[in-house]
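Below is one structure, written out as structure tokens; the observations come after it.
What follows draws every value from the coordinates through simple rules; no lab data is involved. Not measured: the values here are computed from a predicted model. Note: ideal-geometry Cβ built from the backbone for every residue, glycine included; neighbour counts use all protein chains shown.
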Amino acid sequence: MPELPEVETVARGLQAAIAGRTIVSVTLGKTDFMDDPAAIQNELPGRSIEVVERYGKFLLMRLHRAVKGDDRRAGEPSALLVHLGMTGMLMAQAAGEPVKKHTHVVMGLDDGRELRYIDPRRFGRMAYLAGEILRKELQRFGADPLAATAPEFAERIQSRRARIKALLLDQSVIRGVGNIYADESLWKARLHPAQLGARLTSEQAVKLYRALQEILRAAIDLRGSSISDFLDADGMPGEYQRHHRVYGREGERCFRCKTAIRRVIVAGRSSYYCPSCQKAPRRWRAAKSQRAAASRNNKV
């Protein structure tokens with residue numbers, strides 16, 4: 001799934017390509033990933049694209065339509081919220097270019113181009129939101145890791161007893177981080193993914209904050225990580241996957257200490273870590289030993 005750097009990359013590309021343009025028509029294909037297909041088809045035409053930005057793992061296309069007469073709803077805040085899922089792409093193309101297979105949304109723009117949404121697997125989400133519904137939707141998400149202060153980040157992490165890996169993935173705590181950048185940041189901060197947020201010292205919390213920001217910014221500079229399907233708004237892959245230190249490297253040597261990287265399930269998700277650089281919490285080690293002993297006994 002695209003995470004913060006990948007979505008930021010797409011948002012920047014679209015902002016440069018389509019900001020200021022007006023949507024003049026909408027044609028839909030398959031709609032099972034849309035909250036309300038009729039709203040998308042009926043509400044988008046006539047609205048101008050004010051800005052395309054990232055909101056967590058979502059693209060947020062903020063829209064505007066001039067107020068006419070007593071139609072006050074026309075001037076209320078509105079936006080198209082898009083999650084790219086595993087295989088989604090949103091890009092502006094000339095209207096004359098062939099329409100690719102799995103193109104499910106075509107938005108005609110006032111300059112003759114088309115904004116096309118292509119998604120073979122349709123695991124994403126698309127929703128037109130306005131007014132109070134838009135405000136409530138955005139309130140569901142936590143702080144942006146690139147905008148939060150160190151004290152705010154630390155408070156959100158240290159006030160919870162969940163595993164630190166689970167907290168980084170919890171979009172109501174920190175929005176935009178997924179498996180890749182959680183593992184990479186924890187490795188850089190020398191923290192085991194099973195460490196409890198409430199047990200982090202202030203020094204550890206700040207170290208993780210700085211590691212996360214540094215890695216996210218470096219990944220944005222390289223247009224994100226292309227593990228399988230990710231392409232930016234120009235159809236180009238990212239390059240940060242060449243700089244991964246732990247993610248997907250089970251059995252390979254740690255770049256710091258040469259210990260073999262391991263994979264463990266934390267909070268239901270695969271987590272890659274170095275057992276030497278990222279010491280497991282004492283209780284986690286004890287519980288793991290008990291599970292291993294029980295498993296051996298069951299086999300006897």
**Q.** Inter-site label distance for Arg140 and Glu214 at 7 Å from Cα along Cβ, in nm
**A.** 3.5
Q. Based on the Cβ-Cβ distance of Glu252 and Lys101, what FRET efficiency does E = 1/(1 + (r/R0)^6) give at R0 = 41 Å, to the nearest 0.05?
A. 0.65
**Q.** Neighbour-count ranking [beta-carbon atoms within 10 angstrom, fewest first] of Asp183, Asp234
**A.** Asp234, Asp183
Q) Tell me, what is the Rg over Rh of the chain, with Rh the Kirkwood radius over Cα pairs? A) 1.04
Q: Calculate one ³J(HN,Hα) per residue across segment 178-187 by plugging θ = phi - 60° into the Karplus curve 6.51 cos²θ - 1.76 cosθ + 1.60, and present them in order as whole Hz with x for glycine and proline.
A: x, 4, 4, 7, 5, 4, 5, 6, 5, 5
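Within 10 Å, count the other beta carbons around each residue, average over each peptide in 9-15, 221-227, 107-113, and list them highest first.
Top to bottom by mean Cβ count within 10 Å: 9-15, 221-227, 107-113.
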Q. Which entries in the list Lys30/Lys101; Lys165/Lys188; Lys188/Lys279; Lys57/Lys101; Lys30/Lys57; Lys57/Lys188 go over 20 Å, if you measure between the two C-alpha atoms of each?
A. Lys57/Lys101; Lys30/Lys57; Lys57/Lys188
Q. In nm, to one decimal, how far is the modelled label at Arg199 from the one at Asp110, with both set 7 Å along Cα→Cβ?
A. 5.9
Q: Report the one residue of Leu90, Leu28, Ala150 whose Cα lies farthest in the direction of the positive end of the charge dipole of the chain (charges on C-beta: Lys and Arg +1, Asp and Glu -1; origin at the Cα centre).
A: Ala150
Q. What residue among Val173, Ser159, Ala194 has its Cα farthest toward the positive end of the dipole of segment 150-299, where the charges are +1 on Lys, Arg and -1 on Asp, Glu, each on the Cβ?
A. Ala194
Q.
5 Å is the cut-off here: which amide hydrogens, built 1.01 Å from N in the peptide plane, fall below it relative to Ala260, excluding neighbours closer than 5 in sequence?
A. Cys254
(Q) 5 Å is the cut-off here: which amide hydrogens, built 1.01 Å from N in the peptide plane, fall below it relative to Val266, excluding neighbours closer than 5 in sequence? (A) Ser271
Q: In nm, give the distance between the simple-model label positions of Ile133 and Arg161, each being 7 Å from the Cα along the Cα-to-Cβ direction.
A: 3.9
Q) Given 4 °C and 1.567 mPa s, how large is the Stokes-Einstein diffusion coefficient of segment 150-299 in µm²/s, with Rh as the Kirkwood radius over Cα pairs? A) 80
Q) With each run of n ≥ 4 DSSP H residues scored as -39500 (n - 2.57), what mean residue ellipticity at 222 nm is computed for the chain after dividing by its residue count and rounding to the nearest 500 deg cm²/dmol? A) -9500 deg cm²/dmol
Q. Projected onto the charge dipole of segment 150-299 (+1 at Lys/Arg Cβ, -1 at Asp/Glu Cβ, origin at the Cα centre), which of Gly235, Pro281, Ser225 gives the Cα projection farthest towards the positive end?
A. Pro281
Q. Roughly how many debye, to the nearest 20, is the charge dipole of the chain about its Cα centre, given +1 on each Lys and Arg Cβ, -1 on each Asp and Glu Cβ, and no other charges?
A. 2300
Q | Karplus (6.51, -1.76, 1.60) ³J(HN,Hα), θ = phi - 60°, over segment 252-257, in Hz, Gly and Pro reported as x | A | 7, 7, 4, 5, 8, 10
